[in-house]
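What follows draws every value from the coordinates through simple rules; no lab data is involved. Just so it is clear, the model here is predicted, and its values are computed rather than measured. Cβ sites come from the backbone with ideal geometry, for glycine too, and all protein chains shown count toward neighbours.
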Amino acid sequence: MANEISDQVNLRFNNWKSDFPLLSSNATSKKLIYLDSAASAQKPQIVIDSMKSFYESEYANIHRGVYELSEKATIAYEGARKSVSEFIGASKVEEIVFTKGATESINLVASSWGAQNLTSDDEILITTMEHHANIVPWHLLHKRTGVKIKAVNIDENGELDIDHFHQLLTKKTKLVSITQTSNALGVNTPLSEIIDTAHSLNALVLVDGCQGIVHKRVDLQQLDADFYVFSGHKLYGPSGIGVLYGKYDILESMQPYQGGGDMIVTVTTNDSTYAKPPYRFEAGTPPIASAVGLAQAIKYISNIGMEFIALHEHSLMKYASKSLQDANIVKLFSQIDDKAAIISFNFDDVHPHDVGTILDNEGIAVRAGHHCAQPTMSHFGVSGTVRASFGLYNDFNDIDALISGLHKVKEIFK
Amino acid sequence: MSELRDLYQEVILDHGKSPRNFGKLESKTADAHGHNPLCGDTITIYLELDKDVIKDISFEGRGCAISLASASLMTGLLKGKNMDDAQVLFAHFHKLVSDSNKTMSVNIPTDDLQKLDVLAGVRDYPMRVKCATLAWHTFNAALQNNTEEVTTE
């Protein structure tokens with residue numbers, strides 16, 4: 001069965017790369033080997049076309065006009081909300097709030113739910129492998145409310161120290177805010193155990209799904225997270241749009257995050273009443289065309305099938321790990337089998353930025369630095385790493401090119 | 001590859017690997033701390049000033065080959081210079097790595113110009129210019145007794 005599926009992946013794969021104009025055109029001065037999808041993914045033609053066509057024939061502001069065009073735009077925008085809702089298995093479409101990105105989604109929860117419910121007697125658990133977007137909003141909340149932030153350790157492989165989690169989780173814990181997949185290492189967290197245990201103590205769980213959702217299917221009915229956030233641009237959609245999923249009764253209990261048009265019921269000069277979720281949290285004109293693009297991206301990957309993408313990426317990750325090990329010139333972080341297609345590594349004596357520049361000269365785009373995950377870097381005692389991350393459009397040739405690029409680094413820094 | 005060799009010249013690789021004037025300066029009269037938040041690189045510059053002359057200078061920190069080599073070459077160059085000469089060198093260096101119109105500064109000994117010139121290749125890598133200039137900006141802060149951390153952002 002597994003072989004049959006990988007044959008199907010191979011058969012289908014050829015078409016995937018050619019769906020992405022930037023990867024098959026001469027947009028860059030050299031042939032581009034793009035290994036930075038964890039920072040942002042490239043966009044398939046079909047997503048670009050959907051936004052172009054939306055602007056050309058359907059664009060107007062939403063929820064406002066009584067004219068046909070505004071109605072069309074509203075249908076497209078609300079249709080995108082439905083696509084997202086179905087894609088992640090929300091129980092109702094009103095549980096999907098559009099934001100400008102996962103960062104804003106987390107800030108929204110911190111500013112609204114956090115400020116409303118948490119005091120200096122309460123604690124929030126995060127982990128050492130979080131992206132800064134799931135650390136700094138809680139620091140800001142701590143300054144506002146005095147709520148305490150505690151971080152669960154990771155081990156020498158970058159995996160969550162689950163014993164430490166159980167140790168830190170107490171009745172004082174009101175929220176566990178945790179990533180599904182580390183953006184710096186590719187390591188997955190044991191979400192089921194975390195969510196079950198947190199719920200048994202009445203703590204809510206926010207899952208940062210930015211890296212998780214792009215590599216495997218997410219079903220929130222099964223996962224049972226209270227909040228789930230992700231960004232459109234990492235999921236082959238446009239930048240400028242993100243999603244906050246929240247269980248409806250929780251969203252309904254939350255105060256607005258920002259005030260403005262479209263999030264109200266009535267406004268006088270003295271006071272205002274607020275719309276129901278999700279509109280309560282979407283003040284002002286939202287990223288309408290980006291929502292259309294995101295819906296198209298979801299359609300695109302759904303047509304391919306998340307299970308095929310996951311299999312393909314897993315084979316890339318395995319091949320890259322093995323190739324890097326065989327090359328024997330870099331140290332790999334988090335060598336574990338079950339992780340996302342993200343690999344962090346370092347030379348003993350070459351700084352990641354120098355590696356990044358030399359690879360760039362070969363047309364290879366990797367990320368070099370701390371990956372907005374400084375606590376993760378400190379855990380390993382480094383200021384940064386080189387990170388190669390793979391998307392559905394990468395292939396074994398890209399990995400071979402990376403290896404030969406790394407040999408060039410070695411040659412220059414001999 | 002030729003372009004890359006312009007950036008990673010032997011002198012740079014050598015200074016990057018074994019930076020000169022590295023370590024704390026016990027006799028320091030001023031110091032300043034610099035940081036590049038984008039990559040996490042840090043540097044501390046120590047100065048021993050005798051009136052307006054840089055009697056001694058050293059640095060500590062961590063960074064890429066470009067930033068370590070730049071700090072290493074800078075400290076070697078500035079030792080014994082007076083403050084005015086140092087400012088002229090700083091202005092020249094800044095232009096050298098960031099301005100595509102190559103300008104020749106007057107009043108700088110040829111020997112010093114040659115030493116700085118090895119970093120000129122950075123100009124073709126806009127993302128790396130900050131690696132080369134962090135040491136100089138931090139030196140400038142130390143010179144002016146600026147206690148605020150220097151940041152590239």
Charges only on Cβ, +1 for Lys and Arg, -1 for Asp and Glu: so what's the dipole of region A:49-302 about the Cα centre, in debye to the nearest 20?
-> 420 debye
Looking only at other chains, what is the average number of their beta-carbon atoms within 10 angstrom of each beta-carbon in A:349-362?
-> 6
Gyration tensor (alpha-carbon) shape descriptor, region B:37-153, a/c threshold 1.5 = oblate
Give me the angle, in degrees from 0 to 90, between the Cα long axis of helix A:306-327 and the longest principal axis of the Cα atoms of chain A, rounded to the nearest 10.
-> 40 degrees
Compute the acute angle (0 to 90°) between the alpha-carbon long axis of helix B:65-78 and the principal axis of greatest extent of the alpha-carbon atoms of chain B; round to the nearest 10°.
-> 50 degrees
Excluding residues fewer than 8 positions from A:Lys172 in its own chain, the lysines with Cα under 24 Å of it are A:Lys143, A:Lys148, A:Lys150, A:Lys247
Quick calc, chain B, dipole around Cα centre from Cβ unit charges on Lys, Arg (+) and Asp, Glu (-), nearest 20 debye, gives 200 debye
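Taking region A:152-223, which trypsin sites (Lys or Arg not before Pro) meet the DSSP loop condition and have no more than 13 other C-beta atoms within 10 Å?
Working: sites: A:Lys171, A:Lys172, A:Lys174, A:Lys216, A:Arg217; in loops: A:Lys171, A:Lys172, A:Lys216, A:Arg217.
When the trypsin sites (Lys or Arg not before Pro) of region A:152-223 are filtered for loop state and at most 13 Cβ neighbours within 10 Å, A:Lys171 remain.
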Along the charge dipole of region A:49-302, which of A:Thr145, A:Cys210, A:His164 sits closest to the positive end, that is, farthest toward it, with unit charges on the beta carbon of Lys, Arg, Asp and Glu (+1, +1, -1, -1)?
-> A:Thr145
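Would you kindly give the portion of the calculated P(r) for the protein assembly as shown that falls above 31 Å, as a percent of all Cα pairs? Don't skip to the answer; put the middle values down first.
Numbers: 89366 of 160461 pairs.
Tail of the P(r) past 31 Å holds 56 percent of the pairs.
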Helix A:45-57: angle to the longest alpha-carbon principal axis of chain A, degrees 0 to 90, nearest 10?
-> 30 degrees
Mind checking which lysines have their Cα closer than 19 Å to the Cα of A:Lys52? Skip sequence neighbours fewer than 8 apart in that chain.
-> A:Lys43, A:Lys72, A:Lys299
Let a ≥ b ≥ c be the square roots of the eigenvalues of the Cα gyration tensor of region A:1-159; is it rounded (a/c under 1.5), or, if not, prolate (a/b larger than b/c) or oblate?
-> oblate
Just name one of A:Ser344, A:Leu220, B:Ser67: the one whose Cα is farthest towards the positive end of the charge dipole of the protein assembly as shown (beta-carbon charges, Lys/Arg +1, Asp/Glu -1).
-> B:Ser67
Qualifying lysines (Cα of each under 18 Å from Cα of B:Lys51; at least 8 residues distant if same chain) | B:Lys28, B:Lys79, B:Lys81
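If you put +1 on each Lys and Arg Cβ and -1 on each Asp and Glu Cβ, how big is the dipole of the protein assembly as shown around its Cα centre, in Debye rounded to 20?
Values: 51 positive and 70 negative charges, 100 e Å.
Approximately 480 debye in magnitude.
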Once Lys and Arg get +1 and Asp and Glu get -1 on their Cβ, which of A:Ser334, A:Gly305, A:Ala283 lies farthest toward the positive end of the dipole of region A:266-379?
-> A:Ala283
From other protein chains only, count the Cβ atoms within 10 Å of every residue's Cβ in B:47-56, then give the mean.
-> 0
Loop only per DSSP, at most 11 neighbouring Cβ atoms within 10 Å: give me the trypsin sites (Lys or Arg not before Pro) in region B:25-56, ordered by residue number.
-> B:Lys51
